[in-house]
Amino acid sequence: MDLSSNSQTVLASTNNAPFSNFGSWGSGSLIKFHPNAKFLSYSGMTYSAGGLTNSLDAYVPVEFIDSGSGSNGYKTNQVSTNVDSYKNLTPISSKYNSANKVISSSDLSVFDANALTLSGKLAFADNNSNTYNWDYSLDKLPTQTGFLPRTSGDNLSFNVIDSISNKAKFQINATYKPNQTNQPFTMWFVNQKQQNQLNQSAQTILTSDQMDKNGDNYQKNFTNDQRLVIKTNNKAKSGQYSGVVDWTLQSGI
């Protein structure tokens with residue numbers, strides 16, 4: 001069963017599970033869920049084995065292709081009419097499913113759920129590599145250790161697509177890996193509330209509620225003197241240094 005991108009599929013039964021199986025689906029048989037597809041299943045009030053099958057032992061493998069997606073389980077007597085029928089209901093379980101993994105349908109929601117929705121995409125809209133430069137002569141460095149803005153390179157911007165739920169809850173994490181040992185500066189991400197020194201341990205530098213929302217798109221742009229800065233002083237040893245800042249996206253579901 002292939003749920004293609006942007007497709008909308010409803011499987012509803014008022015007196016049985018959409019898949020009434022004697023056992024789990026065999027090897028190679030699965031539901032493929034592509035980015036931005038929407039799926040809803042309803043088992044009526046008779047079955048509550050997660051909303052898709054009649055038994056947790058009779059599970060269906062579900063593969064999430066190319067992007068992470070959200071699954072919500074519901075306990076309801078409301079018969080669905082479209083994929084958005086339960087958008088105003090509070091789910092009894094919510095889960096984020098990572099991209100390019102096969103998940104058992106019994107793990108998509110909780111046993112008490114008699115309805116299930118799969119929806120959405122969580123991903124960076126722009127995955128291009130960017131270059132950020134700090135080009136300073138020693139006489140331009142401060143006497144006291146301080147933050148220095150970028151002098152050239154690409155704009156620092158984040159563009160995220162999140163269509164998993166109406167209330168986005170994701171975060172952007174950052175790490176910094178230097179290409180040389182004993183670099184005469186430290187890398188920082190500075191915002192109005194906190195200052196984070198970046199290292200090889202992931203740190204949260206931006207959350208969904210700090211970004212500008214337009215539909216399913218979340219964006220934030222910064223000028224050269226904002227956020228990503230280095231910290232040093234005029235005692236730094238001159239030379240050419242480089243490193244890699246890695247941005248990762250994490251769901252808060």
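Scanning the range 47-72 for residues that are part of a loop (DSSP other than H, G, I, E, B), among the hydroxyl-bearing types (Ser, Thr, Tyr) and touching a residue at least 40 places away in the same chain (Cβ under 8 Å) yields Tyr47, Ser48, Tyr59, Ser67. If you filter the range 36-46 down to residues that are assigned to a loop (DSSP other than H, G, I, E, B) and not polar (S, T, N, Q), you find that the one that is farthest from Asn100 (Cα to Cα) is Met45. Residue by residue through the range 73-90, note down the ones that are at pLDDT 90 or above and within 20 Å of the chain's Cα centre (by Cα). Answer for the range 73-90, where residues must be at pLDDT 90 or above and within 20 Å of the chain's Cα centre (by Cα): just Gly73. Across the range 216-242, the qualifying residues are those that are surrounded by fewer than 14 Cβ atoms within 10 Å (Cβ to Cβ) and either outside the structural domain of Gly146 (by TED's automatic domain parsing) or among the small types (Gly, Ala, Ser) (or both), and the one among them that is farthest from Lys140 (Cα to Cα) is Ser242.
Among the numbered conditions (1) at pLDDT 90 or above; (2) in contact with a Gly (Cβ under 8 Å, 6 or more places away or on another chain); (3) in the same structural domain as Met187 (by TED's automatic domain parsing), tell me where Asn173 comes up short. So the condition that Asn173 fails would be (2). Trp25 versus (1) in contact (Cβ under 8 Å) with a residue 60 or more places away in the chain; (2) in a loop (DSSP other than H, G, I, E, B); (3) surrounded by 13 or more Cβ atoms within 10 Å (Cβ to Cβ): which is the lone unmet condition? Here Trp25 clears every test but (1).
The values are calculated or read from the model by the stated rules, or taken from the named source; none is laboratory data. For clarity, every value in this text was computed on a predicted model and none was experimentally measured. Positions of Cβ are backbone-derived with ideal geometry, glycine not excepted, and every protein chain shown enters the neighbour counts.
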